[in-house]
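Okay, so here's the structure we're looking at.
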Amino acid sequence: MAILTIYGVLGVALFALWLKHKSVLRQRERMRDKLVSVEGNLNETSQRLDLLSRGVDTILSGTPQVHGLLGVHRSLESAEDLLFNQGIPISNSESCAIASHAVKAVLEHHPERGPDDDASTIPGLHPLSGRLAAMLSEAEMKAEDIELTAGEHRRLGELFHAVDRTDWAADCFHRANELDPEDESALRSLSEIQRQKGNLEELDRSLERILSIAPDDVGILKEQALLLEGSDPSRVIRNRKRLEALGIDSLFSEEALELTDIAKRARGAHQGVKPGLLQSENAADLVERAAKQLLLGEVRVALESIESALEIDAKKGPAWFLKARLLAAGEGNTKAALKSIRRASALGEYTVMLESEILENDGRTDAAIQVLEEHLEKTPSDPEVRGKLSLLWLRNGSNDSSCRVLDEAPDESWDSAPLHIMRGRLHLVDADEHRDNTGKHEQMLLVDALVAFDKAIEHDRESGLAWLGRARALRYQGTYNEAEVALVRARRLIPEHPSIPLEEAQLSLDANNLEQANALAIEATTHLKNNPTVPFIRGIIAARLGRLEEARNFFSSTLEIDPDHVRARLNRCSAALLCEDLAQALDDADHLVNARPEHELARLRRSEILMNHGDWSEAETELRNLLKRNSEHTMALVHLGTCMIAAGKSEQAERPLNKAIGIDPNLSEAWYQRGLLYLDFGRIDEAMSDFEGAARTDTHHIDARLRIAAILHEGENFDKAVAAWRQVLDIEPQHRLARRRLAECRDLRAARSASLSPKD
């Protein structure tokens, strides 16, 4: 039994050992599988790393400047380790040396750039610049602790400014100016930061230092005068005199004058306040500060200033008015702006113009008109409101209502500029309408417009809108030099007005200065994105340069914005005709004739398209319809004669051609077509006389020149024929027929001379 027990125990032990052995074998198998897998992963990882390395090398080989940033990264890591991770105290001088070394490593990749150099920064440098700023801040350093030149400090400031580390940027620009007081660029960059932060006192000091370097900088002179308005009249006068010496008539824009008036009223409301009431005085100062910040374009900081003013004094009307202006400048704040307007109005502020502007910008033109009309019921002699109401009706497409508003104005309202300006604008609108219908301006309308704008200038010589209107009226009259003088004056008075570059572009176009016109039209695009005149001007420029497809695209863009733009459709029609796209041309001509049956040029263009189609009968019908409206339309008479000749009614063609020549003896095409008619009749001498008449009235009329040369050639008048063929080649040097016939003439003339020479 004992033996059996022993055997049993041994059996169990052996079984357990066997199980353990099996388990060990399975573990070995799993380890072997894992090792194989790891080996495979290692190989795959190695291949990927190799691929990545080769890819990086390929990229870096093409952009060696990026490769250099790896060195910058190592320099920053080393500096961070030395400054923060060694656990060993280091001296201030050692810290400064370490930081300076890291800074210079970064600046190696942001060199000094000239005005014509690429201003872009190497990709990847900005994150490293932010990291550098963080390291310097943690080390509690300042710009003066870093051993750099003035130029290096300025470049470092540029990098910090680009990554929104404005405190560090300002410190660097300050240090650059300390080291080099003549570094204008550092001061301008510093003033930009001060402007953004609303630090007006510091901004004034920076501007003063800039003026010590560049005393004739118009922008700086104006900006500083704005900052000093109401606080330092002596320097305002100084700046005004400098600007006058530079030919700048107006110191402040209309908006600037309006906002400075708000600031004055805010100050005036506290003139009688006891000196001990410091908070009220601070509220007035904050309103003034906010007004100036808004003029500098810093809406956010201006809004912060005005909110602070209202926290001090919630019953300050100018503050609520200015808050409405600031809210209206932002997106989606119309409701809050109108709420502020109502608060300002309740506190006695004149808010009607601003309220109408806010409503108009929100697309609520009818509501804006209602606000103005309600005000005029109470104050009918307010010229500014009446002028704005007239303008809104005009923009709303109701010229009659716009005129009615002016006609209802009391006599005393006409003692200021706004109503005269609107009267002039309405005359120009009528002149445009007349031109669209007839193809030319009505001169009396232009005279009336000029009279209106001149009266506006009599009342206010600083009205930029009056000068702008005068420039346009003079341009319509073709008085380009005077128009340019008026336009220069307008730009000085309202330099930011979006219509200024557009008017300049049109004036350059009328003077055939195409390059300048195109540049100005592109400039206008930044301000007038949906103005149809911009692509229209560019279309005219493209057409004059012979780029007809480009011109068609611009005219199409114009029509997408304004489908009723008559001249754009007419020009697209002409361009399509020249491109032999008769379907497009006819479609545009039909559209114009249907929309404006009285438009003579549209009917003429339609007849030309039909003639190109070979539809002589319908073309003749169109021309006769045109001549019913204007029996002395010379080109219609010429085309009618052409249609009759083509339709086999030559005996009837002479009468309209004779009439056209009688009306306009300088119409070359009439002479040419009658010459063709006489040639068809076999009346060679009369035909020759008419072709010579066509060439006389248009020296580049190549078809007339060809007919003259051909008649002389066929008449064997070789001496004159040679001269005639040469005249053709003067116009078109590569004309094949003229070159061939000229050679024939010379050969025939030589042969005749040889035949007539004495024989031995």
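If a residue has to be acidic (D, E) and outside any loop (DSSP other than H, G, I, E, B) to count, how many in region 441-456 make the cut?
Restricting attention to region 441-456, the residues satisfying the condition of being acidic (D, E) are 442, 448, 454.
Add one more test, that the residue is outside any loop (DSSP other than H, G, I, E, B), and what stays is 448, 454.
Total satisfying the criteria: 2.
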Filtering region 201-234 down to residues that are without any contact (Cβ under 8 Å) to a residue 12 or more places away in the chain and either crowded, with 21+ Cβ neighbours inside 10 Å or among the charged types (D, E, K, R) (or both), which residue is farthest from S191 (Cα to Cα)? D232
Quickly run through region 716-737 and pick out the residues that are at pLDDT below 85 and either assigned by TED's automatic domain parsing to the domain that holds L679 or within 16 Å of F691 (Cβ to Cβ) (or both). N717, A721
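With respect to L406, determine if the residue is at pLDDT below 90, touching a helix residue (DSSP H, G or I) at 6+ places or on another chain (Cβ under 8 Å) and not in a loop (DSSP other than H, G, I, E, B).
Numbers: at pLDDT below 90: no; touching a helix residue (DSSP H, G or I) at 6+ places or on another chain (Cβ under 8 Å): yes; not in a loop (DSSP other than H, G, I, E, B): yes.
Taking the combined requirement at face value, the residue does not satisfy it.
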Being buried (at least 16 other Cβ atoms within 10 Å of the Cβ), under 30 Å from E192 (Cβ atoms) and free of Cβ contacts under 8 Å to residues at least 40 places away in the same chain narrows A324, A344, A336 down to just A324
Scan region 565-579 for residues that are of a type outside the set (K, R) and free of Cβ contacts under 8 Å to residues at least 60 places away in the same chain and jot them down. H565, A568, L570, N571, C573, S574, A575, A576, L577, L578, C579
Being surrounded by fewer than 16 Cβ atoms within 10 Å (Cβ to Cβ), under 31 Å from the mean Cα position of the chain (by Cα) and closer than 23 Å to L637 by Cα is the filter here; which residues of region 562-602 pass it? L578
Residue by residue through region 617-643, note down the ones that are among the hydrophobic types (A, V, I, L, M, F, W, C), touching a residue at least 24 places away in the same chain (Cβ under 8 Å) and over 18 Å from D690 (Cα atoms). A619, L626, A636, C643
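Please note which helices (runs of 4 or more DSSP H) are completely contained in region 457-537 and include at least 3 residues that are surrounded by fewer than 17 Cβ atoms within 10 Å (Cβ to Cβ) and either touching a helix residue (DSSP H, G or I) at 6+ places or on another chain (Cβ under 7 Å) or free of Cβ contacts under 8 Å to residues at least 24 places away in the same chain (or both).
Numbers: elements: 464-477, 480-493, 499-510, 514-525.
In region 457-537, the matching helices (runs of 4 or more DSSP H) lie at 480-493, 514-525.
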All positions within region 416-429 that are in a helix (DSSP H, G or I) and either closer than 18 Å to L493 by Cβ or modelled with pLDDT of 90 or more (or both): A417, P418, L419, H420, I421, M422, R423, G424, R425, L426, H427, L428
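Restricting attention to region 328-353, report how many residues are assigned to a loop (DSSP other than H, G, I, E, B) and closer than 20 Å to P383 by Cα.
Taking region 328-353 and keeping what is assigned to a loop (DSSP other than H, G, I, E, B), we get 330-333, 347-351.
If we keep only those that are closer than 20 Å to P383 by Cα too, we end up with 348-351.
The number of residues fulfilling the criteria is 4.
If we keep just the residues of region 549-561 that are buried (at least 20 other Cβ atoms within 10 Å of the Cβ) and in contact (Cβ under 8 Å) with a residue 24 or more places away in the chain, which is nearest to the chain's Cα centre (by Cα)? Quick ask: steps written out before the conclusion?
Filtering region 549-561 for residues buried (at least 20 other Cβ atoms within 10 Å of the Cβ) gives 551-552, 554-555, 558.
Imposing the further condition that a residue be in contact (Cβ under 8 Å) with a residue 24 or more places away in the chain reduces the set to 551-552, 558.
Values: A551: 19, R552: 21, T558: 15 Å.
Looking at the filtered set, the residue picked out is T558.
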Within region 541-548, is there a residue that is in contact with a Gly (Cβ under 6 Å, 6 or more places away or on another chain), aliphatic (A, V, I, L, M) and crowded, with 21+ Cβ neighbours inside 10 Å? no
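Looking at region 175-188, which of its residues are under 35 Å from the mean Cα position of the chain (by Cα) and surrounded by fewer than 22 Cβ atoms within 10 Å (Cβ to Cβ)?
Result: E182, D183, E184, S185, R188.
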Return the residues of region 310-321 that are surrounded by fewer than 22 Cβ atoms within 10 Å (Cβ to Cβ) and in a helix (DSSP H, G or I); say none if nothing qualifies. L310, E311, I312, G317
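Take the residues in region 415-448 that are within 14 Å of E384 (Cα to Cα) and touching a residue at least 40 places away in the same chain (Cβ under 8 Å); name whichever of them is surrounded by the fewest Cβ atoms within 10 Å (Cβ to Cβ).
Taking region 415-448 as the starting set, the residues that turn out to be within 14 Å of E384 (Cα to Cα) are 415-423.
Subset that is touching a residue at least 40 places away in the same chain (Cβ under 8 Å): 415-417, 420-421.
On the way: D415: 11, S416: 18, A417: 23, H420: 27, I421: 27.
Selected residue: D415.
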So, in region 677-716, how many residues would count as being farther than 17 Å from T642 by Cα, of a type in the set (S, T, Y) and out of contact with any Leu (no Cβ under 8 Å at 6 or more places or on another chain)? 2
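Of all residues in region 661-673, which are closer than 10 Å to G693 by Cα and either buried (at least 20 other Cβ atoms within 10 Å of the Cβ) or modelled with pLDDT under 90 (or both)?
Residues of region 661-673 closer than 10 Å to G693 by Cα: 665-672.
Once the filter is applied, which keeps residues that are closer than 10 Å to G693 by Cα and either buried (at least 20 other Cβ atoms within 10 Å of the Cβ) or modelled with pLDDT under 90 (or both), region 661-673 yields L667, S668, E669, A670, W671, Y672.
Sort out which residues of region 281-301 are over 11 Å from A329 (Cα atoms) and within 27 Å of the chain's Cα centre (by Cα), and write them in order of number. Give the derivation first.
Quick first cut of region 281-301, residues over 11 Å from A329 (Cα atoms) only: 281-293, 295-296, 301.
Residues satisfying the conditions are K292, Q293, L295, L296.
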Within region 159-170, track down each residue that is surrounded by fewer than 22 Cβ atoms within 10 Å (Cβ to Cβ) and in contact (Cβ under 8 Å) with a residue 24 or more places away in the chain. H161, A162, V163, R165, T166
Restricting attention to region 674-699, report how many residues are surrounded by 15 or more Cβ atoms within 10 Å (Cβ to Cβ) and of a type in the set (D, E). 4
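The values are calculated or read from the model by the stated rules, or taken from the named source; none is laboratory data. Please read these numbers as outputs of a predicted model, since none were measured by experiment. Cβ: placed from backbone, ideal geometry, glycine included. Neighbour counts: every protein chain shown.
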